[in-house]
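The values are calculated or read from the model by the stated rules, or taken from the named source; none is laboratory data. Worth saying up front: this structure is predicted, and the values here are computed from it rather than measured. Reconstructed Cβ throughout: ideal geometry from the backbone, glycine too, with neighbour counts over all protein chains shown. Protein only, heavy atoms only, side chains kept; ligands, DNA and RNA dropped before computing areas. Shrake-Rupley method; radii C 1.70, N 1.55, O 1.52, S 1.80 Å.
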Amino acid sequence: MSANKESWGSRVGLILAMAGNAVGLGNFLRFPVQAVQNGGGAFIIPYLICFLVMGIPLLWIEWSMGRFGGKFGHHSTPFIVDTMHKNRLWKYIGVFGIWTNIAVASYYCYLESWTLSYVFHSLGGTFSGLDQIGVSNFFDEYVSLGESTFGIPYEPIFFFVICLLLNTWILSQGLAKGVERVAKIGMPLLIVFGMFLAYKGFTITAGENGAINDSSVGLNFLWTPNFDELWSPTVWLAAAGQIFFTLSVGMGTIHCYASYVRSKDDIALNAMSAGWMNEFVEVVLGASILIPISIGYLGIDGVVDLVNKQGGLGLGFRTLPYLFYQWGDVLGAVAGVMWFGLLFFAGITSSLAMGTPWIGFLQDEFNWRRRPAAWSFGLIVLVLGMPTVLFFKYGVFDEYDYWAGTVSLVVFALFESILFAWVFGMNKGWREITSGADIKVPGIYKFIIKFVTPLLLLWVFIGSLITPKGGDWAGALSNGWELDDSSIINKIKNSNLKRQLAEATDPAVIEQLQDTLFFVNASRILLVVVFLSIAALVYIAYKKRVREGRI
Amino acid sequence: MLSTMLLVTGAMGYFFYRVLNTPPKPEPDSFLDNDDEIERQAPRA
């Protein structure tokens, strides 16, 4: 029998853990940048439509798949999907639900460790007195494993290991005593910190503390709709992509958490509550901090330039710590602690979720106890994560993020939506969604889940596979289809890197690019090996079940 | 901007309120409550 007898302590705890799983760094760093780059206020229209016709259906699909698998004692996607159809291959599709989490945790925990480190640097006054370039240089020095202001040798590795130990220890405490307890503390604190910073973002006045714009300039820049962009497939693709990242669908974590829900309990209302909580954090808090504060002090042109060069991550780590100190030393330190503290809570509630499918798999299939299973997760993430720390400048981090954190989500979500609506069957699927429901699920969703969601996912996948150059879909249709470097096909071919290599003349740049090409390919091989290893474990587990007559 | 923020905040508040105010389901205590015969890998309905 499985050693896995865990359950959630309370309904609110489950919802906060699910919301914490969804709320991540992307809510604060990715969403506002996506909005700025894709039509400002007009972006919110496709974004909310994608939430209604793709996000909510996927939440209901994943919650009900998880609870269904949990009835048979399964708590990870390979055997959860295996309960839904006789075809033996489905369980190997379910491998995505473990692999994605291990691979994403490997770089995500490193990112999380930056936020932890920056909390201490904000407390210690590291950024006090530094100008904008000084703060930016600190970041470069940090990720290059340079000299630490705390005097800790290899400080990023130190914080990475601390962060991993913390995650592993919490996971080893169990679902109710570990994950749920952290969510109950972390989520309210995150919302309080976010509301304080959003208040500051809303009340910047030009001429005060060095601000050059009122808050309204940044908020208008973010929210003024550019309706010309509304018909661009690129904008819709970006909106659909953002819904994926923000809800953590297509990962396997929701299935895992939901598999611990009792078979007669509601999932329809729980999914809505957790999903809308994530939307609140993203649309209300996430949109009110990064961009309004940055534009208040740097102006629109300055921020657009920074966003194009550094993205949301750069803006959050290289610029905001400097801007906070415009409010004075004390408030600057407090705001820094709150900003990186909320990012840390957003990160840890997500990374904890990433550990649970692997732990559930080992408990269910190999009778491991929770503690050793949790420590095995920590060890795997340490081994897989070290390349992202040591070879950050060679793009290993980005490579993990692209394949595990982006492409894999779409692929798995596409498969699971087809499995649920067409293979498992929509009638049975609908019964699963509505069974024990504490709200009336609108009947229109039967049609949406069966037709709209899989088609939209297929379009997102194909659109990402063959993205036309410059996102010019109309031009590509009339003038021949030239692939953009961001398309999956050109990514596989390393087109961008090879072009840069062909154009480079400086020997140092050529060497850097050649090293990058090597590490990019090595990262992919490593990720494939991990996937195949998990698939092999699933095969062994299946044979074990057959031998024991449990399948 | 404000209408979007109010819509999202309102939806979050409404669903969370429903969660807090829905009485918990009683533990199944009879055979009838537990007699669902769900079949693993059942053929398509």
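Data table
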quantity	calculated
Cβ-based net charge around A:Ile243, under 14 Å, with every Lys or Arg adding one and every Asp or Glu removing one	-2
Acute angle (nearest 10 degrees) that the helix A:56-71 long axis makes with the longest principal axis of chain A, alpha-carbon atoms	40
Rounded tilt (10° steps) of A:290-314 against the dominant C-alpha axis of chain A	60
Dimensionless Rg over Rh [the stretch A:417-515; C-alpha; Kirkwood]	1.28
18 Å Cα-Cα reach of A:Lys544 towards aspartates and glutamates, excluding residues that sit fewer than 8 places from it in its own chain	A:Asp82, A:Asp364, A:Glu365
Residue-wise HN-Hα coupling along the stretch A:27-41, computed from phi with Karplus coefficients 6.51, -1.76, 1.60 (Hz; x: Gly, Pro)	4, 9, 9, 9, 4, x, 6, 4, 5, 4, 7, 10, x, x, x
Estimated buried accessible area (total), pair A and B, 1.4 Å, Å² to nearest 100	3100
Ordering of A:488-501, A:265-278, A:320-333 by packing [mean C-beta count within 10 Å, highest first]	A:265-278, A:320-333, A:488-501
Eligible aspartates and glutamates near A:Lys393 by straight Cα distance, threshold 19 Å, same-chain separation 8 or greater	A:Glu112, A:Asp140, A:Glu141, A:Glu147, A:Glu155, A:Asp401, A:Asp506, A:Glu511, A:Asp515
Label-point gap, in nm, between A:Ser263 and B:Thr22 - each point 7 angstrom along Cα→Cβ	2.0
Sequence of A:Val281, A:Val509 from largest to smallest accessible area, 1.4 Å probe	A:Val509, A:Val281
Summed side-chain charge close to A:Ile540 - residues other than A:Ile540 whose Cβ falls under 15 Å, Lys, Arg +1, Asp, Glu -1	+3
Cα-based reach from B:Lys25 at 15 Å (exclusive), listing aspartates and glutamates while leaving out same-chain residues under 8 positions away	A:Asp265, A:Asp266, A:Asp438, B:Asp33
Percentage of interatomic Cα-Cα distances in the protein assembly as shown larger than 36 Å	34
Solvent exposure of the stretch A:11-548 as accessible area per residue, Å², 1.4 Å probe	35
Spatial separation of Cα centroids for the stretch A:103-133 and the stretch A:366-441, in angstrom	26
Calculated from backbone phi, Karplus (6.51, -1.76, 1.60) coupling profile of the stretch A:322-331 in Hz, x at Gly/Pro	5, 5, 4, 6, 5, 8, x, 5, 5, 5
Positive-pole candidate from A:Val307, A:Val407, A:Val284, dipole of the protein assembly as shown, charges at beta carbon	A:Val407
Volume of the Cα convex hull of the stretch A:152-257, divided per residue and given in Å³	202
Summed residue charge, Cβ within 13 Å of A:Asn21's Cβ, Lys/Arg positive, Asp/Glu negative	-2
The stretch A:170-243 and the stretch A:275-343: distance between their alpha carbon centers, rounded to Å	9
Trypsin sites (Lys or Arg not before Pro) within the stretch A:351-420: DSSP coil, no more than 15 neighbouring Cβ in 10 Å	A:Arg369
Peptide A:282-288 - average C-beta neighbours from other chains (10 Å radius)	3
Set A:Lys5/A:Lys86; A:Lys446/A:Lys543; A:Lys5/A:Lys91; A:Lys309/A:Lys498; A:Lys450/A:Lys491 screened for pairs whose C-alpha atoms are more than 29 Å apart	A:Lys446/A:Lys543; A:Lys450/A:Lys491
Label zone at A:Tyr154 (point 7 Å along Cα-to-Cβ), backbone N below 14 Å, the stretch A:381-415	A:382-392
About the Cα centre, charge dipole magnitude for the stretch A:11-548 (Lys/Arg +1, Asp/Glu -1 at Cβ), debye	2700
